[in-house]
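As structure tokens, the structure follows; a few thoughts come after it.
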Amino acid sequence: MSSVFGEFSVKSFVWLSFDLGVKGDYEGIYAWLARLGAKECGENLAYFLYEHSGDLRQEIAQDLEASLDLDPLKSRIYLIWKNTKGKVIGTFIFGRRRIPPWAGYAATGEQIIDDIGS
């Protein structure tokens, strides 16, 4: 964003969840998170303040892409933040959603009685 006084930036709190696969660049993402002063929030989840001057999602994606060796088939990075209206939103900036490991553990749907006799 720019103004008559030049470029200005804002700071946003974000959460970043990452799964880089077995051979992923964990040293690279750990160095990136350490540089930002990120706080650990559980395995592969971090919280930090990110300074940006435009689209937060795009700037973090570009920063990560320049800082890490990402495998396009295995790397998954999910970003959570508040948008300008204060709504918490999240999206994958690399990779996509998969079938969760808890799929099938809860009963779903309605109970059906099969009529086998008539």
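A residue that is among the β-branched types (V, I, T), open to solvent by 40 Å² or more (accessible area, probe 1.4 Å) and modelled with pLDDT of 90 or more occurs somewhere in segment 16-29.
Where strands (runs of 3 or more DSSP E) sit wholly within segment 27-94, none has at least 3 residues that are touching a Pro at 6+ places or on another chain (Cβ under 9 Å) and without any contact (Cβ under 8 Å) to a residue 40 or more places away in the chain.
Of all residues in segment 56-76, those being out of contact with any helix residue (DSSP H, G or I) (no Cβ under 9 Å at 6 or more places or on another chain) and either charged (D, E, K, R) or surrounded by fewer than 12 Cβ atoms within 10 Å (Cβ to Cβ) (or both) number 10. All told, E110 meets the bar of being exposed (fewer than 10 other Cβ atoms within 10 Å of the Cβ) and either modelled with pLDDT of 95 or more or not polar (S, T, N, Q) (or both).
The values are calculated or read from the model by the stated rules, or taken from the named source; none is laboratory data. Given the structure is predicted, the values throughout are model-derived calculations rather than measurements. Please note: Cβ atoms are built from the backbone with ideal geometry, for glycine as well, and neighbour counts cover all protein chains shown. Quick note on the areas: whole protein, heavy atoms, side chains included, nothing else; ligands and nucleic acids left out. Shrake-Rupley method; radii C 1.70, N 1.55, O 1.52, S 1.80 Å.
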